[in-house]
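Visitor: For reference, the structure I am asking about is given below.
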Amino acid sequence: MNTIVYTSNTGTTKEYAKLLSDKLSLPYYSLDEIKYKVKPGSKIIYLGWIMASGVKGYKKVVKDYDVRAVCAVGMGATGTQVKEVRTKNKIPSSIPIFTLQGGFDVKKLHGIYKIMMTIMVKTAGKGLANKQDRTQEEDQMLEMMLHGGKYVDEKNLKAILDWYGKRGE
Ligand SMILES: Cc1cc2nc3c(=O)[nH]c(=O)nc-3n(C[C@H](O)[C@H](O)[C@H](O)COP(=O)(O)O)c2cc1C
């Protein structure tokens, strides 16, 4: 593996890229800077934030680089949404996907993202607030929508670190 590449909007994906870089002793770069730093065709681990199940930047990066694993960072719990992410982004089954919980804070968003998520907080947030018997995961989601929250944790990297340790090159 040569490099870790990431796309981040509010910073949580970048934090995971840095944590992973420290763990694997690999350099990490944003998608915008790789063309000056990383040769096309290089083997990379790609981290992108999840937007409506899409992984930001994946379609672009996969054209020029040999993506060996995808980490998709969202507000949902670590390890969830893998099937939706694979389908939506057409990620082949040969590429493992690891979803990681980042966070959410509507105050950190701008432009169209802020508009989209303000609507989401009003609709989905209201639905959750009115729901009886919320699960722990739903409580966390509601709290995040109402007050913001960040759940970046190196423990969430366990699955990708296990995969990295076992992979053959
Ligand atoms: C427009 C928009 C759509 C989003 N859609 C999803 C989603 O489908 N699933 C999810 O888990 N998180 C979703 N999120 C939450 C982000 O993926 C989450 O806040 C992530 O931590 C952002 O990463 P960043 O801090 O690197 O920008 C969405 C956020 C925005 C702004």
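Visitor: Tell me yes or no: at least one residue of the range 65-87 is touching a residue at least 60 places away in the same chain (Cβ under 8 Å), aliphatic (A, V, I, L, M) and assigned to a strand (DSSP E or B).
Guide: yes
Visitor: Restricting to the range 77-100, name every residue that is within 12 Å of the ligand (Cβ to nearest atom) and either open to solvent by 50 Å² or more (accessible area, probe 1.4 Å) or touching a helix residue (DSSP H, G or I) at 6+ places or on another chain (Cβ under 6 Å) (or both).
Guide: Within the range 77-100, 77, 78, 79, 81, 84, 88, 89, 99, 100 qualify.
Visitor: Consider residue 164 carefully, then state whether it is within 22 Å of residue 17 (Cβ to Cβ) and either open to solvent by less than 50 Å² (accessible area, probe 1.4 Å) or not in a helix (DSSP H, G or I) (or both).
Guide: yes
Visitor: Does residue 155 qualify as being open to solvent by 50 Å² or more (accessible area, probe 1.4 Å), more than 10 Å from the ligand (Cβ to nearest atom) and assigned by TED's automatic domain parsing to the domain that holds residue 76?
Guide: For residue 155, the condition - open to solvent by 50 Å² or more (accessible area, probe 1.4 Å), more than 10 Å from the ligand (Cβ to nearest atom) and assigned by TED's automatic domain parsing to the domain that holds residue 76 - is met.
Visitor: Looking at the structure I just gave you, is residue 41 outside any loop (DSSP other than H, G, I, E, B), more than 9 Å from the ligand (Cβ to nearest atom), surrounded by fewer than 12 Cβ atoms within 10 Å (Cβ to Cβ) and free of Cβ contacts under 8 Å to residues at least 40 places away in the same chain?
Guide: Judged against the criteria, residue 41 is not a match.
Visitor: Just for the range 101-118: of the residues that are in contact with a Lys or Arg (Cβ under 8 Å, 6 or more places away or on another chain) and in a loop (DSSP other than H, G, I, E, B), which one is nearest to the ligand (Cβ to nearest atom)?
Guide: For the range 101-118, the residue satisfying everything is 102.
The values are calculated or read from the model by the stated rules, or taken from the named source; none is laboratory data. Keep in mind it's a predicted model, so treat the numbers as computed, not measured. A quick note on method: Cβ atoms are made from the backbone with ideal geometry, for glycine too, and the neighbour counts reach across all protein chains shown. Areas reflect the complete protein model, heavy atoms only, side chains present, ligands, DNA and RNA absent. Shrake-Rupley method; radii C 1.70, N 1.55, O 1.52, S 1.80 Å.
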